[in-house]
Each structure stands twice: as C-alpha cells, then as structure tokens.
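Trainee: I'd like to ask some things about the structure below.
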Amino acid sequence: MIYANRAEWRTASRKRVLFFGMSGLGKTYLANMLRAAPTGWFHYSVDYRIGTRYMGEYIADNFKREAMKNPFLAELLLSDSVYIASNITFDNLAPLSTYLGKPGSEAKGGLTFEDYMIRQNQHRGAEQAALMDTTYFIERSQAIYGLPHFVCDCGGSICEVVDPEDRNDKILRELSDHLLMVWIEGSAEHTEELVRRFDRAPKPMYYQPAFLERKWLQYRVERGLREDEVNPDDFIRWTYHQALAHRQPRYAAMARNWGVKVAASDVALVRDEKDLTSLIASALPA
C-alpha cells in the first residue's frame, strides 16, 4: 500500500484513494463530498470514463438504430438534420446501463443472448481500459488543474474484471501502486436493501462471462423456457441476487491483498473530509 500506516496517510501532502464495493453503499457520495472539499480533490469516475471514452460511440449508435425505425427521424438522420448523442454524466449513467441491455424476449425489450454477450464483452474491455487510465488522470489532475488530491470512484463490477488472488494482476498492481484501495463493506442488511431496490427498478449490469452463461442456462432449465421466452427483467432480478454472493468474496480478496476495508455503516456517518480521513486512518496499521 502507498500509505504504510495511519501517520503516513494523515500527513500525506497528496492523498490518493480508490473506493470499491457494491453499488449503493456510498462510493459516489464520498467522491462527490471530496470533490466539493476546499483542499482540492480531483474526482475520477470509472463508469463515466467507460460511457464517454470507450463506449460512447456504441451508445450513440444504439440510439441511432432505434431512431432509424421511425420514418420521420430516419429522414432527418440521413440528411444530417439532427444530431443524436448520449448525455451521460457522473450522476446519470443511464445511457450506459441502457446500452448493456438485458437478455430475453425481444417482444419484452430483451436482447438475444449472443448480442447481450457482445455488449458485455465490450464493457469488460472498456472497464479494464478505464481502470488503467487512472494513473494518467492522476498526472493530469496535477499538471492541468493543480489539484493535490485524487479520488477514484469505481463501478461495482471492478471485482469481475480483475483477479484479486493474482499478485501479478496488471490492473490491481497499477492501481495499488498509485492509490490506497478502500473496500466499502456492506452488511447483510445492506445486501437485503440493495436487493429490494433492484427488484423495484432492475438495471443492466456487467458480470463475468462464465458466471452469466452458467446462470442463463440454469435459469432456462429450471423454468423450461426457450431463449425467446425469457422475461428480461425476471432474469436479471434472479441473477442479481446470486451475483451479490458471487462478488462478496472477490471484494474481500481485493481488500485483503491490495488495500483496506471500512464498514458501510461507518461511511454513512461521514459528513466531511476530516471524518473520512479519520475513518480511513482507522483501517490502516498504527
């Protein structure tokens, strides 16, 4: 770790931290809080980088494909009379999740499993590239903006695109060489709330290919469904419940081998940079 103990972290003139863990436990809340702090923090959002730098064209092309189904819009597009683009922001990543889509019946808004896996693989490459861009943005934040501190806000799927048990994992080695990696660990109660939230509004996510293929087959066999009979929302709800259990040990290994962990219940009590500095210090060796 780049900070060997609490004193090094507290006295560092350039604090660099990366938050990871399940979506909804406070990563973006902390990053936004630090960005607003007067001490000067640069906020790097991995999901925003994915949706703009690496998947922006895929997302815009998907919008155009839908627009071409409408004769009025098609005519305007073909004559270059309208411009269609994604309006993705730090706080609105809907264009990215919409593009990822859900597998199942096309009549119910689903994608064929083949097309779904193509998009999943695009996201995997984009996420790995965006994570490796972190070092560039650390340098950029200082060279251009003169900001001394840096926070990286990772998507929940970081644990799916790295191998936390491999001490030579290229991405984790690069990240841990430049930032303190902090896992925000949720409790069983947090997991239940995340499941309830997801059930109310299921959204596309990224999963490891082997995990998805296994769950896609298992789901259809248990229900006796053909691919074109699968309800997309029901499938991703069913998959999400199991994905949380799949991800938890991977997050734990990342914290054990590459960083530290803090409790989501403690993160919820953080109100300013001073609180956060103390919370992270408590996770480091004395």
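Trainee: Starting from the Cα-Cα distance between residue 271 and residue 144, subtract it from 0.36 nm times their residue separation and give me the gain in nm to one decimal.
Mentor: Length gained between residue 271 and residue 144: 42.9 nm.
Trainee: Heavy atoms only, probe 1.4 Å: what % of the accessible area of the stretch 1-88 goes to carbon and sulfur, would you let me know?
Mentor: Looking at the stretch 1-88 in its full context, I get 51 percent from C and S.
Trainee: Taking 0.36 nm per intervening residue step and subtracting the Cα-Cα distance, what contour gain separates residue 8 from residue 196 on full extension?
Mentor: Full extension of this stretch gives 63.7 nm more.
Trainee: Another question, then. Rounded to the nearest 20 Debye, what is the dipole magnitude of the stretch 215-286 about its Cα centre when Lys and Arg each give +1 and Asp and Glu each give -1 at the C-beta?
Mentor: That gives a dipole near 320 debye.
Trainee: Quick check: the distance between the Cα centres of the stretch 246-286 and the stretch 8-37, to the nearest angstrom?
Mentor: Measuring centre to centre over Cα atoms gives 10 Å.
Trainee: Then there is this: If 39, 134 are ordered by their accessible area, calculated over protein heavy atoms with a 1.4 Å probe, which sequence runs from highest to lowest?
Mentor: Most to least solvent-accessible, the answer reads 39, 134.
Trainee: On to the next question. With a 1.4 Å probe and all protein chains kept in place, how much accessible area does residue 19 have, in Å² rounded to the nearest 10?
Mentor: For residue 19, solvent-accessible area is about 0 Å².
Trainee: Rank 43, 241 by accessible area, highest first, at a 1.4 Å probe radius?
Mentor: Largest accessible area first, the list is 241, 43.
Trainee: Here's a follow-up. In straight Cα distance, which lysines are under 26 Å from residue 274, not counting same-chain residues fewer than 8 positions off?
Mentor: 15, 27, 261
Trainee: How far apart, in nanometres, would the label points at residue 221 and residue 250 be if each is projected 7 angstrom from Cα along the Cα-to-Cβ direction?
Mentor: So the label points at residue 221 and residue 250 sit 2.2 nm apart.
Trainee: Could you size up the charge dipole of the chain around its Cα centre, putting +1 on the beta carbon of Lys and Arg and -1 on that of Asp and Glu, and report it in debye to the nearest 20?
Mentor: The calculation lands at about 580 debye.
Trainee: If you add up the charges near residue 24, with Lys and Arg at +1 and Asp and Glu at -1, over every other residue whose beta carbon is less than 15 angstrom from its beta carbon, what do you get?
Mentor: -2
Trainee: May I ask which residue of 1, 212, 58 lies farthest towards the positive end of the charge dipole of the chain, with charges of +1 (Lys, Arg) and -1 (Asp, Glu) on Cβ and the Cα centre as origin?
Mentor: Looking along the dipole axis, the top candidate is 1.
Trainee: What percentage of all Cα-Cα pairs in the chain are separated by more than 24 Å?
Mentor: 54
Trainee: Relative to the first principal axis of the alpha-carbon coordinates of the chain, what is the inclination of helix 113-132, with its axis defined by its Cα atoms, in degrees from 0 to 90 and to the nearest 10?
Mentor: Helix 113-132 sits roughly 20 degrees off the main axis of the chain.
Trainee: May I pose another question? If each DSSP helix of 4+ residues adds -39,500 (n - 2.57) and the sum is divided by the residues in the chain, what number results at 222 nm, nearest 500 deg cm²/dmol?
Mentor: -16500 deg cm²/dmol
Trainee: Okay, moving on. Using Cα atoms only, what is the angle between the long axis of helix 209-223 and the major principal axis of the chain, expressed in degrees (0 to 90) to the nearest 10?
Mentor: 50
Trainee: Sticking with this one: Evaluate the Debye formula for the stretch 187-262 with equal point scatterers sitting on the alpha carbons, no solvent, and hand back log10 of I(q)/I(0) at q = 0.23, 0.24 Å⁻¹, in q order, two decimals.
Mentor: -1.14, -1.19
Trainee: Right, something else. Under a 1.4 Å probe, what is the accessible area of the chain per residue, stated in Å²?
Mentor: Here the residues of the chain average 48 Å² of exposed surface.
Trainee: Assuming 0.36 nm per residue, please report the length gained on full extension of the stretch residue 98 to residue 76 beyond their Cα-Cα distance.
Mentor: Gain on stretching residue 98 to residue 76: 5.6 nm.
Trainee: Moving to a separate point now. Work out the FRET efficiency for residue 85 and residue 121 from their Cβ-Cβ distance, taking R0 = 22 Å, and round it to the nearest 0.05.
Mentor: Computed FRET efficiency for residue 85 and residue 121: 0.40.
Trainee: To continue, here is another question. Roughly speaking, to the nearest percent, how much of the stretch 173-258's 1.4 Å accessible area is carbon and sulfur?
Mentor: Taking all protein chains in place, the stretch 173-258 shows 49 percent carbon and sulfur surface.
Trainee: Work out the charge dipole of the stretch 166-286 with +1 on the Cβ of Lys and Arg and -1 on the Cβ of Asp and Glu about the Cα centre, then indicate which of 282, 232, 172 is farthest towards its positive end.
Mentor: Positive-most Cα among the choices belongs to 172.
Trainee: Across all directions of projection, what mean area in square nanometres is found for the Cα convex hull of the stretch 108-195?
Mentor: For the stretch 108-195, the mean projected area of the Cα convex hull comes to 8.9 nm².
Trainee: Using θ = phi - 60° and the Karplus curve 6.51 cos²θ - 1.76 cosθ + 1.60, what whole-Hz ³J(HN,Hα) does each residue of the stretch 250-257 get, with Gly and Pro shown as x?
Mentor: So the J values, rounded to whole Hz, are 6, 4, 4, 5, 4, 5, 5, 9.
Trainee: Where does helix 56-67 land angle-wise versus the long Cα axis of the chain, in degrees 0 to 90, nearest 10?
Mentor: Around 30 degrees separate the two axes.
Trainee: Continuing with this model, one more query. Which value, to two decimals, describes the C-alpha radius of gyration of the stretch 11-153 once divided by 2.2 N^0.38 Å?
Mentor: 1.27
Trainee: Then there's this: Dipole magnitude of the stretch 1-73 about its Cα centre, charges +1 at Lys/Arg Cβ and -1 at Asp/Glu Cβ only, in debye to the nearest 20?
Mentor: Using Cβ point charges on Lys, Arg, Asp and Glu, the stretch 1-73 gives about 280 debye.
Trainee: Using the beta-carbon distance between residue 173 and residue 286 and R0 = 25 Å, what value does 1/(1 + (r/R0)^6) give for FRET efficiency, to the nearest 0.05?
Mentor: Efficiency, from the Cβ-Cβ distance: 0.45.
The values are calculated or read from the model by the stated rules, or taken from the named source; none is laboratory data. Everything quoted here is computed from the prediction, not taken from an experiment. For neighbour counting, all protein chains shown are included, and Cβ atoms are generated from backbone atoms with ideal geometry for every residue, glycine included. Just so you know, the surface numbers come from the protein's heavy atoms only, side chains and all, with ligands and any DNA or RNA stripped out. Shrake-Rupley method; radii C 1.70, N 1.55, O 1.52, S 1.80 Å.
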